[in-house]
Amino acid sequence: MKTKQSILRQLLVNILVPVLLIFSIVFYLTYQYNLDKVENDIDHQKKSIVAETKNLIEYYDFSMRTHEQSLIERMQDASREIQFVLAKQPAKSIDLLALRSSLGLDSSREDIYLIDRNLKIVNTTFKPDMGFDFKKLNKTFISFFSKIFQSKTFKEDRFGLEIKTGKIKKYSYQTSLDGKHIIELGFYSKSADEFKELLLSKIRSLEKRFEAIGHVKLYLGVKHITDNSIKDPELQKAYLKCLDLEKHMIVNTDDPASRGKELTEYIFLPVLESKLYSGYVLELGTNDLPYQNLVADLLWRFGVIFLLTLVILTVIVYFRSRKLTRPIQELARKTATISTDNLDQTIEISGSLELNLLSKNFNSMMQKLRHSYENLEDKVIERTQELQEQKLIVESKNHEIVESIQYARFIQQALLPLESEIQASFDENAFVYYAPKDIIAGDFFWFEKRNDVSWFAVADCTGHGVPGALVSVLCINALNQSLAVNENQDTGELLDHVRELVVQTLTKEARSVKDGMDISLACFNHKTKTLQWTGANNPLWIFRGDEILVTSPDKQPVGQFDGAKPFTTHEIQLEKNDWIILFSDGYADQFGGPKNKKYKYATFKDFIQKHKDRNGTELKASLKEEFESWKGPHEQTDDVCVMGIKIMV
C-alpha cells in the first residue's frame, strides 16, 4: 500500500530532488576536474624539475670533465714517480709526506694512498684513512679494485664525494711495478667545489619555483653505500634501491600532525663516464597542502551555494504549494459532508481552470448519485432475492454431489480388504495406514490369500479424488482378474497381465487414456518364508536389525508406456522379525515442518528404522502422529498409503 503524500511534499520531491541531483553531479564533476588538475600540476612540476636537473647535470659533467683534463697529466706523472720509489722500499716504510713534498703536490689538497692486495690502506698522507678496509665498506670496491690489479694500467675516475669528509675529490689508480699495491691519488679542487656549489644552488632554487615541492637534493652515489646526509632508515633503503634498480622510488613521509600529504621521491639520473659511481639520485620532497587548500576552498564555495539554493527553492515551493492547496482543502471540507448521507451538497470553487472543471464534475456526480441512491433500496432487495435463490440451488447441487462421492467412498472401501484380514494372516503384526487426501482416493491397498500364499500390494493410481478413485477401481479389478486366471504365476507375470487389462480397458478406437498406476506388489509363501516382489516405480523396504534392504522397482508404470518391458520378479528369503514396508509417494511428498518443505524418503526411512521394534498397532499410530505433526496446518499434498508386515515365525 502506497503512503499518501501532501502536495507540498510532492513538490519538494519532484522539484528539489532533480535540481539538487543535477547540482551534485555538477559539483562532483567540478571537484574531480580540479582534483585531477592538482595531480597533473604536481606531476608536471616534478617532470620540469627532473628535466632541468638533467640539463644542469649535463652542463656540470661537461664542465667538470674539462677541468679534470688539467689534473690527469699531473696524476699520471706523480703515480709513475711513486712506482719507482715503491719498487725500492716497502710500502709501509715510505715517508709519503716527504715524497708528496718532493713531487710538488699541495699538502692541503692532494693526498697519496697505498692499498695492498687485501684492499687495506697501509700507508697514506691522509692519516684518518690509515688502515681503512674497502672490503668492509662495500662489495662494489672488491670488483673495482680487482679490475685495476688485473689491468696494471693508470686509471682515473670522475670527481666524487669523499666518504669521510663529503668533499669533492678526484681519484686516480695505478698498480705498483710488482703488482702488490695500488697507488691511489686524491686531489681536491677549488674549481670543482665551485662547480658543485653552483650546481647544488641551481637545484635548490628549483624548490622555490613550485608550490608543491618542499625540497630538492642531488646525490652522486655508489651502489650499496648510503649517503651520510640521509638519516632516516626508510629513506636510506629507498635511496639504495633507486641506485641498485635505477628506478623511481617513492616513500610516504607524511606526518599525521601536519596538514598536507608529504612524499619523498628518489629519481635515478645517469652519470657520465664513471667507473666507480653508479649515478646521480635526485631527491624530491612534495607536499600537496597548497592544492588541498584550493580544493577545500572549492568545497566551501559549493557548500554555501548549495545551502542558498536549497533555502531559496524550499521557500518558493512552500508558498507555491499553499496557493495550490487552499482551494483543494476547501473542496475536501465540503466533500466530507457526503459521509453523513447529505447528498444535497454542491460545491462552487473559483480558481484555476482545472479546479473549476473539478467542481463542475463533482456536482454532476452528486446529482447522479442522488438518483442512484433513490433506486438503490429496490435494487438491493431484488438482487438479494436472486442471490438467495442461487444459493439454495448451489447448496442443493453441492449436497447431491457430496452424497454421491460419499456413496462412492462406501463402494471403494468395499473393494479394499479389511486390516484385520491382513493381520489374521500375519499373527496380528501387520498394519495399513491409509489417509485419502479427499473423500475418495487414487491410492489403494490390496490383499488376497490363496492356500499358503499371501498376495498384497500398495498402489498409487493416476490423480486423486474422483478421477483417481475411478482408476483405482479399474486396477483393483485387473489385479483380481489376473490372479484368478493363474494363482501360480510370479509377481512379474501378474503385473504384466494386469498391464494388458488396464491398457486394453483404457484404449479404444480413436481415443486412449494414458492413466495407470505405480505399485509395490508382493507374494509371501508362509511355508518357505520366501517373498516374491515386483515394483512399478515404487520400491520395497525390508528392515532387518540395523540393516535396511532396499529393492529398486522397474522404472515404468502399469499402463500405456512407450518402451514398456516385462516386469522383473525379485525373490527374497525373509528372516524372523523382518519388517516388510510397502508405500505410495504421499507420505514422503507431504509438505510441512517449520520451513514447509517435503518430508522426503530419507526421513521416512529413518523414522521407521527408529520405531521398528514396536508392534504393528504402535508403529501405525507413530506413523500417523508423525505425519499429522509434520503436516501441521498445511493442506494434505496427496493420498497416503503405507502397509507394514512383520515376519514373526
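Over the range 504-649, what is the mean sequence separation of C-alpha contacts under 8 Å (at least six apart), divided by residue count, expressed as relative contact order in percent?
Numbers: 239 pairs, mean separation 33.4, N = 146.
Over the range 504-649, the number comes to 23 percent.
Cross-link partners of K190 among lysines, defined as those whose alpha carbon lies under 21 angstrom from its own and excluding same-chain residues fewer than eight positions apart: K164, K167, K169, K170, K202. Using C-alpha pairs under 8 Å with a sequence gap of at least 6, the mean separation divided by the residue count of the range 215-284 gives a relative contact order of 39 percent.
Efficiency by 1/(1 + (r/R0)^6): what FRET value for D255 and E628, r their Cβ-Cβ distance, R0 = 45 Å, to the nearest 0.05?
Working: r = 75 Å, r/R0 = 1.66.
After rounding to 0.05, the efficiency reads 0.05.
Distance between the C-alpha centres of the range 13-53 and the range 54-118: 59 Å, rounded to the whole angstrom. The accessible area of M130, taken with all protein chains in place and a 1.4 Å probe, comes to roughly 90 Å².
Taking the Cα centre of the range 548-604 as origin and assigning +1 to Lys and Arg Cβ atoms and -1 to Asp and Glu Cβ atoms, the resulting dipole is close to 380 debye. Beyond 28 Å in Cα-Cα separation lie the following of the pairs K152/K247; K576/K610; K624/K646: K152/K247.
For the range 121-204, what is the charge dipole size about the Cα centre, in debye to the nearest 20, if Lys and Arg each add +1 at the Cβ and Asp and Glu each add -1 at the Cβ?
Using Cβ point charges on Lys, Arg, Asp and Glu, the range 121-204 gives about 220 debye.
Within a straight-line Cα-Cα reach of under 17 Å, K612 can be paired with the following aspartates and glutamates, leaving aside sequence neighbours fewer than 8 residues apart in one chain: D427, E428, D546, E547, E575, D578, E625, E626.
Contact order normalised by length for the range 454-554, with contacts defined as Cα pairs under 8 Å and 6 or more residues apart; what percent is it?
On the way: 130 pairs, mean separation 28.4, N = 101.
Once divided by the residue count of the range 454-554, the mean separation gives 28 percent.
Dipole size of the range 43-174 about its Cα centre, with +1 on Lys/Arg Cβ and -1 on Asp/Glu Cβ: approximately 520 debye, rounded to the nearest 20.
Remark: the range 626-636, residue by residue, has Karplus-estimated 3J(HN,Hα) of 5, 5, 5, 5, 5, 5, x, x, 6, 6, 5 Hz, where x stands for each Gly or Pro and the curve is 6.51 cos²θ - 1.76 cosθ + 1.60 at θ = phi - 60°.
Applying 0.36 nm per residue to the separation of V466 and T528 and subtracting their alpha-carbon distance, the gain on full extension is 18.3 nm. Projected onto the charge dipole of the range 101-173 (+1 at Lys/Arg Cβ, -1 at Asp/Glu Cβ, origin at the Cα centre), which of N138, F149, S107 gives the Cα projection farthest towards the positive end? Towards the positive end, the residue furthest out is N138. When you filter the GluC sites (Glu not before Pro) in the range 536-611 for DSSP loop state and at most 15 other Cβ atoms inside 10 Å of their Cβ, you are left with E575.
The values are calculated or read from the model by the stated rules, or taken from the named source; none is laboratory data. This is a predicted model, so every value here is computed, not measured. Quick reminder, even Gly has a Cβ in these numbers, built from the backbone with ideal geometry, and neighbours come from all protein chains shown. All accessible areas refer to the heavy atoms of the entire protein, side chains included, with ligands and DNA or RNA removed. Shrake-Rupley method; radii C 1.70, N 1.55, O 1.52, S 1.80 Å.
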